[in-house]
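One structure is given below, encoded as structure tokens.
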Amino acid sequence: MKNVLVTGAAEFIGYHFTSRLLNQGYRVTGLDNLNNYYDVNLKKARLNRLQELPDFCFVKADLADLEETARIFNVKNIRLSTYMISISGGEKLQCIKYQLLVRDMWV
């Protein structure tokens, strides 16, 4: 079974993509920092639905935290990752810089 990391798992697209992967037999680690750019209660409700499924694990973390992200890849034996984060403004620039720093981690 493939282990997949879905960033932004609590967001609209990330949630639906995660659901589809789980229904297709993948083991999914969902990562989200649960920022308040969108309704946090809505994000938590989505995560509650996902956490009812046996092959889903949620990690509250910020993708910009390089050490934590590397730890997740190693501990969860991630073989594929997807980038489903929606951000704006200065945060977007920070994430673009982050992607350039860790592009070797992405499949």
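For this structure, a couple of remarks:
- Dipole of segment 12-86, positive end: most advanced residue of Phe12, Ala70, Pro54 [Cβ charges, Cα centre]: Pro54
- Prolate/oblate/rounded call for segment 1-71, Cα gyration tensor, a/c under 1.5 rounded: oblate
Every number here is computed from the coordinates shown, using simple stated rules; none is lab data. Predicted model, so just to flag it, every value in this text is computed and none were measured. With ideal geometry, Cβ positions are generated from the backbone for all residues, glycine too; neighbour counts draw on all protein chains shown.
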